[in-house]
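Worksheet: one structure, shown below.
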Amino acid sequence: MDLGTLIPDFPTFSNTSFFNFISTVISLIIPDSTIHKQIKMRKLDSTKVQPLKSEQLLHIEDHDFALRPGFGGSPIPVGIDVQVESIDSISEVDMDFTMTLYLRHYWKDERLSFHSNKNKSMTFDGRLIKKIWVPDVFFVHSKRSFIHDTTVENIMLRVYPDGNVLFSLRITVSAMCFMDFSRFPLDTQNCSLQLESYAYNEDDLMLYWKHGNKSLSTDEHISLSQFFIEEFSASSGLAFYSSTGWYNRLFINFALRRHIFFFVLQSYFPAMLMVMLSWVSFWIDRRAVPARVSLGITTVLTMSTIMTGVSASMPQVSYIKAVDVYLWISFLFVFLSVIEYAAVNYLTTIEERKQLKKRGKVSGTYSIDTVQAMAFDGCFHDTDVDMDLTDFSDQCEEHETQACAASVSDVDTTQIKRKRSLKGNVGRIILQNNHVIDTYSRIIFPSVYIVFNFFYWGLYI
């Protein structure tokens, strides 16, 4: 029963007209300002709604991320690209290198797909890494490695609406480099940094270079103190383990050519100088025993010091290096110069004894000739002028004191004359008193050493 039947004069309304009637009555009763305040309060309340968490937005709690994407199906492809920031050091003693790089992984995990009206990706830091599946890539033959953590861990995770994922790390790694020092320091070393999945073999994970050869990029300002970086290249292959099977492996190859100028200054040039210095001995009088022996011993000890310094900065390898060949040959030349003088001195002594026997005895004693006097006191003596001091002392015992004094004054006068006569003839006297071995050594030693240098540098350069 409606109001129209009870009250004949009351107008009847349909449902729509009735609600419009009520709204009109409310608007007349409640002021407009009050309605606007209520609408504003509702807008303010809508901002208090909590946004969705990353776990809820990516549906992380709805999936088991302990399993790889597409578990039980075909292997998941994981693309890799690397940007080498720097090569920090190369150690010949430890046979390793240290490199800092940006390592980026690309794969698709449909479990992480989300709805986005503008098709924008979401970027996260390292805190989300432990809650999702990521590739377990490691460095083969690495000794030490770490992820940079200043000011926070240098980890980036970017998820796209279709489930594609970019995972980037900044890493410093020290890895082995199998070096060959047979041509050191004229060598070129080929090193490689190898990447591989630790747990997933080729049936579960396919590791590949994301952009082919362009997947490896380097900083233009990379430089090393002892090496010139000839090239960087990317390659791939397979590695087999008897217990787990075949694994995909990626290689970052680079060639290092050593700068030789440092070693020329520190090793080769000093060795050359020592060899040439040992040749000076051939031009010194054969009777100057102290001068020639001290020169020979000094050059031998200096060469030993150079060889020890080079060996201390190198690994203890069991084969001969190029620098060893040069230093040992140079040491041999220096050593032979000492042996040469030993032979000259011995033959000179034999020759003197023969000459002394031919002269016989004078006044019952042997006179000390020029060569023997030089061997004792290191000074030159003229045979025609020097007096036999022993014979002179015997004569002093037989004659009067005044005659001996006069004879002594005559000896002093003749010695002064001898010294004056030698001033312009020292070179001629030295050449006349050289042994034949010294004469040949002046030509043979330099000639053979020059020929050796031609062969050495022609072979190794």
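The values are calculated or read from the model by the stated rules, or taken from the named source; none is laboratory data. On a predicted model such as this, the values are computed, not experimentally measured, just so you know. Methodologically, a virtual Cβ is constructed for each residue, glycine included, from the backbone with ideal geometry; neighbour enumeration extends over all protein chains shown. These accessible areas exclude ligands, DNA and RNA; they are computed on the full protein's heavy atoms, side chains included. Shrake-Rupley method; radii C 1.70, N 1.55, O 1.52, S 1.80 Å.
For Ser243, work out the one condition from (1) more than 22 Å from the chain's Cα centre (by Cα); (2) in a helix (DSSP H, G or I) it doesn't fulfil.
(2)
Taking only pairs six or more apart or across chains, which ones have beta-carbon atoms under 6 Å, a first residue in segment 161-182 that is closer than 30 Å to Lys321 by Cβ, and a second residue that is assigned to a loop (DSSP other than H, G, I, E, B) and of a type in the set (Val, Ile, Thr)?
Partner pairs satisfying both residue conditions: Phe181/Val317.
Return yes when Leu207 is out of contact with any Lys or Arg (no Cβ under 7 Å at 6 or more places or on another chain), more than 16 Å from Val137 (Cα to Cα) and either modelled with pLDDT of 95 or more or of a type in the set (A, V, I, L, M) (or both) and no when it is not.
Against the criterion (out of contact with any Lys or Arg (no Cβ under 7 Å at 6 or more places or on another chain), more than 16 Å from Val137 (Cα to Cα) and either modelled with pLDDT of 95 or more or of a type in the set (A, V, I, L, M) (or both)), Leu207 does not qualify.
Let's see how each residue does on (1) farther than 30 Å from Asp94 by Cβ; (2) surrounded by 12 or more Cβ atoms within 10 Å (Cβ to Cβ):
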| residue | (1), (2) |
| --- | --- |
| Phe114 | yes, yes |
| Ser121 | yes, yes |
| Phe124 | yes, yes |
| Val140 | no, yes |
| Phe146 | no, no |
| Ile155 | no, yes |
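Could you identify the single residue in Leu224, Leu205 that is under 15 Å from Trp107 (Cα atoms), touching a residue at least 24 places away in the same chain (Cβ under 8 Å) and not small (Gly, Ala, Ser)?
Leu205
Starting from segment 107-126, take each residue that is closer than 23 Å to His211 by Cβ and in contact (Cβ under 8 Å) with a residue 40 or more places away in the chain and list its partners that are open to solvent by 40 Å² or more (accessible area, probe 1.4 Å) and not in a helix (DSSP H, G or I), counting only C-beta distances under 6 angstrom and pairs at least six apart or across chains.
Lys108/Asn164; Ser121/Arg158; Ser121/Tyr160
Let me spell it out: the conditions are (1) open to solvent by 30 Å² or more (accessible area, probe 1.4 Å); (2) aliphatic (A, V, I, L, M); (3) touching a Gly at 6+ places or on another chain (Cβ under 9 Å), and Ala199 meets all of them except one. Which number is the exception?
(3)
Looking at segment 181-194, can you tell me whether even one residue there is within 28 Å of Gly72 (Cα to Cα) and open to solvent by 60 Å² or more (accessible area, probe 1.4 Å)?
No, there is no match, as no residue in segment 181-194 is within 28 Å of Gly72 (Cα to Cα) and open to solvent by 60 Å² or more (accessible area, probe 1.4 Å).
Exactly one of these conditions fails for Ile329: (1) open to solvent by 60 Å² or more (accessible area, probe 1.4 Å); (2) closer than 26 Å to Met179 by Cβ. Give me its number.
Of (1) open to solvent by 60 Å² or more (accessible area, probe 1.4 Å); (2) closer than 26 Å to Met179 by Cβ, only one is false for Ile329: (1).
If you scan segment 314-351, which residues turn out to be without any contact (Cβ under 8 Å) to a residue 60 or more places away in the chain, among the hydroxyl-bearing types (Ser, Thr, Tyr) and farther than 21 Å from Val280 by Cβ?
Selection gives Ser318, Thr349.
Could you please give the count of residues in segment 246-282 that are outside any helix (DSSP H, G or I), open to solvent by 30 Å² or more (accessible area, probe 1.4 Å) and either out of contact with any Leu (no Cβ under 9 Å at 6 or more places or on another chain) or at pLDDT below 95 (or both)?
Total meeting the criteria: 3.
Pick from segment 409-461 the residues that are within 26 Å of Trp279 (Cα to Cα) and outside any helix (DSSP H, G or I): which of them is modelled with the highest pLDDT?
So, considering only residues that are within 26 Å of Trp279 (Cα to Cα) and outside any helix (DSSP H, G or I), the one modelled with the highest pLDDT is His435.
Among Leu224, Leu207, which is outside any loop (DSSP other than H, G, I, E, B) and buried (at least 16 other Cβ atoms within 10 Å of the Cβ)?
The conditions single out Leu207.
If you take the residues in segment 55-87 that are open to solvent by less than 40 Å² (accessible area, probe 1.4 Å) and not hydrophobic (A, V, I, L, M, F, W, C), which one is modelled with the lowest pLDDT?
Among them, the one singled out is Glu55.
Scan segment 315-333 and give yes if some residue there is more than 30 Å from Met95 (Cα to Cα) and part of a helix (DSSP H, G or I), otherwise no.
There is at least one residue in segment 315-333 that is more than 30 Å from Met95 (Cα to Cα) and part of a helix (DSSP H, G or I).
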